[in-house]
Amino acid sequence: MATDGTSDAGRVISEASKQEGGTFKGSTAAQMQSQTTKQRNLEDVAAKVLSKLDADPASVTSEDASLLHSREARVMGGPTKGDLASQAQSVAAANEQGATVQMNRAPSSGLNDNLTNAEQSQLDREANYVEAADKVGTKMAMEPESVTKEDGDLLHSRETRAFGTTEKGGIASQVQSQAAKNAGDKA
């Protein structure tokens with residue numbers, strides 16, 4: 001873990017930016033930064049909504065649910081059945097109708113304590129993608145000549161599992177292109 005205040009992801013993004021000659025729209029560094037920011041925004045909103053659901057479900061509003069849904073869609077590419085945003089929307093709708101909502105949740109000591117299995121699985125897939133992107137992104141930034149087809153395949157697989165698709169021209173594509181170039185250089 002970083003000790004100088006810079007996250008591991010931040011260092012990887014910085015190295016990718018240096019390798020590419022700066023951060024510009026569509027660059028690997030810009031895409032990595034965008035995904036990191038989206039994930040952090042989701043975590044912040046999810047923590048606030050979970051706190052409301054745990055402490056005072058009657059305070060959950062449709063605005064809370066909409067914001068959470070928006071953040072989930074940005075990270076995950078769309079809604080997931082039974083996700084936290086859906087739960088918040090159900091509670092908000094009940095609140096707007098004046099119904100009393102009984103949550104069957106224990107008080108949370110952390111963000112992941114109240115997640116369904118599907119939500120936890122999704123977060124795990126995203127974490128696996130971020131881990132692979134950090135590893136392969138570092139390799140791309142530091143030693144682009146050592147990037148292999150397997151690196152590209154790993155990143156493509158993790159991105160597809162996490163988000164259902166890969167971003168056209170995204171980091172997985174860039175890694176695969178670099179791997180193909182490296183294979184051509186060796187031939």
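The values are calculated or read from the model by the stated rules, or taken from the named source; none is laboratory data. Values in this document were obtained by computation on a predicted structure and should not be read as measured data. Every residue, glycine as well, gets a Cβ built from its backbone with ideal geometry; the counts of neighbours run over all protein chains shown. The protein model used for the area step is the full one, side chains on, heavy atoms only, and it has no ligands, DNA or RNA in it. Shrake-Rupley method; radii C 1.70, N 1.55, O 1.52, S 1.80 Å.
Scan segment 132-146 residue by residue and report those that are under 19 Å from the mean Cα position of the chain (by Cα) and either open to solvent by less than 10 Å² (accessible area, probe 1.4 Å) or closer than 27 Å to residue 118 by Cα (or both).
Kept after step one, since they are under 19 Å from the mean Cα position of the chain (by Cα), are these residues of segment 132-146: 132-138.
Within segment 132-146, 132, 133, 134, 135, 136, 137 meet the criteria.
Being exposed (fewer than 15 other Cβ atoms within 10 Å of the Cβ), part of a loop (DSSP other than H, G, I, E, B), modelled with pLDDT under 80 and of a type outside the set (Val, Ile, Thr) narrows it down to one of 118, 106, so name that one.
Values: 118 fails: part of a loop (DSSP other than H, G, I, E, B).
Residue meeting the stated conditions: 106.
Would segment 157-169 turn up any residue that is part of a helix (DSSP H, G or I) and more than 22 Å from residue 71 (Cα to Cα)? So that I can check it myself, show each step before the final result.
Initially, segment 157-169 is screened for residues part of a helix (DSSP H, G or I), giving 157-163.
Restricting the remaining residues to those that are more than 22 Å from residue 71 (Cα to Cα) gives 157.
Within segment 157-169, one or more residues are part of a helix (DSSP H, G or I) and more than 22 Å from residue 71 (Cα to Cα).
Here are 168, 149, 181, 186: which of them is at pLDDT below 85, loosely packed, with under 15 Cβ neighbours inside 10 Å and more than 16 Å from residue 31 (Cβ to Cβ)?
Numbers: 168 fails: more than 16 Å from residue 31 (Cβ to Cβ); 149 fails: at pLDDT below 85; 181 fails: at pLDDT below 85.
186 is the lone residue from the list that is at pLDDT below 85, loosely packed, with under 15 Cβ neighbours inside 10 Å and more than 16 Å from residue 31 (Cβ to Cβ).
If residue 162 meets every condition in (1) under 15 Å from the mean Cα position of the chain (by Cα); (2) in contact (Cβ under 8 Å) with a residue 60 or more places away in the chain; (3) farther than 14 Å from residue 16 by Cα; (4) surrounded by fewer than 19 Cβ atoms within 10 Å (Cβ to Cβ) apart from one, which number is that one?
(4)
Out of 2, 47, report the one residue that is of a type in the set (Gly, Ala, Ser), modelled with pLDDT of 80 or more and surrounded by fewer than 18 Cβ atoms within 10 Å (Cβ to Cβ). It would help to see each step written out before you state the result.
On the way: 2 fails: modelled with pLDDT of 80 or more.
One residue alone meets the criteria, 47.
Restricting to segment 50-91, and then to whatever is under 25 Å from residue 161 (Cα atoms) and among the hydroxyl-bearing types (Ser, Thr, Tyr), can you tell me which residue is modelled with the lowest pLDDT?
Checking each candidate, the answer is 80.
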